[in-house]
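Only one structure is covered here, and it is reproduced in the block below.
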Amino acid sequence: MKTNLTRRAFAAAAVAAMSLGTPALADGHQQMDSIHFLIPGGAGGGWDGTARGTGEALVNSGLVGTASFENMSGGGGGVAIAHLIENAESSQGTLMVNSTPIVIRALTGEIAQSFRDLTLVAGTVGDYAALVVSADSPLTSMDEALANYRESPMDFAIGGGSVPGGMDHLVAAIVMQAAGEDPTAFNYIGYDAGGEAMAGLLSGEIDALSTGFSEAVALAEQGEVRILGVTAPERVAAYDAAPTFAEQGIDAQFVNWRGFFAAPGMPEETVSAYQNLLATMMDTPEWEAVRARMGLVNIFRPGDEFEAFLEAQETQIGDLMRDLGFL
């Protein structure tokens, strides 16, 4: 199946029937009786919010009759992935949410599986990353931040809500490398969570913070931070006051995607029905309300297009982690 279609065109190519529920229709009517979401982490996290928000939009738009959710924490997401694989025959009505960590944790060996062990359904949303400084910082641009760093590299600290080698560190390394700096040489301080990292920024313990764009926007709107750059290809409409790194001459692009996988061996027609369902949902006002509330951007990539994106991200992150000495 071709996968370079727009969401609307993809939805128009609806399959004629769906083995797990009612017939799939392309006119906004119910496409499935029910859908079950497997969430590899606890309640309240990004995976949980994405799965529950997707289920909410599907039900409220009338595309699905009912949606159910199952949180299965453990092993950095590996417990849920293993469960889906080991119970493939009985999990044909289940979609598992995941995101960039499935790539990172497979590379480091934290999980035994990778996205290749699953059926790729579609990437749906993403959160770009950002580098921010406190609102009262004298730094107003990446040029100024880099000049400050180059003057005294070890005195300029970038923090993040993840350990060294985690996503916030990798994003900062991508930016520094794209700016022509050694990605292994800058002073990164990892915190246990984003809240602690933010406290470090406001207290002056760190000079800049690597964080998700949606979180950065919330902090900027509260007047707590200034966004120096975003890893998007162009300014994001949700907060177009934030400049991209690209427009500042730094080719640093990265998105923490979130999407859905199914058990291995799912029939092609069933995969197509799920892809059509998500494509149709993303053009509904019910989904737009959820997306806006979460502060994410739509990046619908079904099937082969999703696989190509994941392979490219795996290469980007793998090369960087080898440079940093984590692989």
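Based on the Cβ-Cβ distance of Asp182 and Ser34, what FRET efficiency does E = 1/(1 + (r/R0)^6) give at R0 = 56 Å, to the nearest 0.05? Write out the running numbers ahead of the final one.
On the way: r = 52 Å, r/R0 = 0.93.
Computed FRET efficiency for Asp182 and Ser34 comes out at 0.60.
Would you mind getting me the FRET efficiency between Met154 and Leu202? Use the beta-carbon distance for r and R0 = 22 Å, nearest 0.05. Intermediate results must be reported in sequence, preceding the final value.
Details: r = 22 Å, r/R0 = 0.98.
The computed FRET efficiency comes out at 0.55.
Span-like helices, the chain: DSSP H, alpha-carbon axial extent 27 Å or more, mean Kyte-Doolittle 0.5 or greater, which ones? Write out the running numbers ahead of the final one.
Values: long enough: 303-324 (31 Å, -0.48).
Once both thresholds are applied, nothing remains.
Stretched out fully, how many nm does the piece from Met294 to Glu234 gain, at 0.36 nm a residue minus the Cα gap?
Working: separation 60, 0.36 × 60 = 21.60 nm, distance 1.97 nm.
So the chain would gain 19.6 nm between Met294 and Glu234.
For the chain, compute the orientation-averaged projected area of the C-alpha convex hull (one quarter of its surface), in nm². Don't skip to the end; give the middle numbers.
Values: hull surface 62.3 nm².
One quarter of the hull surface, i.e. the mean projection, equals 15.6 nm².
Which FRET efficiency value, to the nearest 0.05, do you get for Ser90 and Arg322 by plugging their Cβ-Cβ distance into 1/(1 + (r/R0)^6) with R0 = 56 Å? Don't jump to the answer; show the numbers that get you there.
Numbers: r = 39 Å, r/R0 = 0.70.
Given R0 = 56 Å and the Cβ-Cβ separation, E is 0.90.
Label point 7 Å out from Gln248 along Cα-to-Cβ: which residues of segment 178-204 have amide N under 13 Å?
178-180
How far apart, in nm, are two points set 7 Å out from the Cα along the Cα-to-Cβ line at Asp136 and at Gln222?
1.7 nm
Residue separation times 0.36 nm, minus the C-alpha to C-alpha distance between Asp143 and Ile189: what's the value? Mind showing how you got there, number by number?
Working: separation 46, 0.36 × 46 = 16.56 nm, distance 2.14 nm.
Additional length available on full extension: 14.4 nm.
Run the dipole for the chain about the Cα centre, Lys and Arg Cβ at +1, Asp and Glu Cβ at -1, nothing else charged, and hand back the magnitude in debye, nearest 20. Don't jump to the answer; show the numbers that get you there.
Numbers: 14 positive and 41 negative charges, 146 e Å.
With only Lys, Arg, Asp and Glu charged at Cβ, the dipole is about 700 debye.
In nm, what is the difference between 0.36 nm times the number of residues separating Ala312 and Ala241 and their Cα-Cα distance? Don't skip to the answer; put the middle values down first.
Numbers: separation 71, 0.36 × 71 = 25.56 nm, distance 2.90 nm.
That works out to 22.7 nm of additional length.
With an 8 Å Cα cut-off and a minimum separation of 6 or more residues, compute the relative contact order for segment 193-327 in percent.
Values: 70 pairs, mean separation 16.6, N = 135.
Averaging sequence separation for qualifying contacts and normalising by length gives 12 percent for segment 193-327.
Bear in mind these aren't lab numbers, they're just calculated from the coordinates by the rules spelled out. Predicted model only: the values in this text are computed from it and were never measured. All Cβ positions, glycine included, derive from the backbone under ideal geometry; neighbour counts span all protein chains shown.
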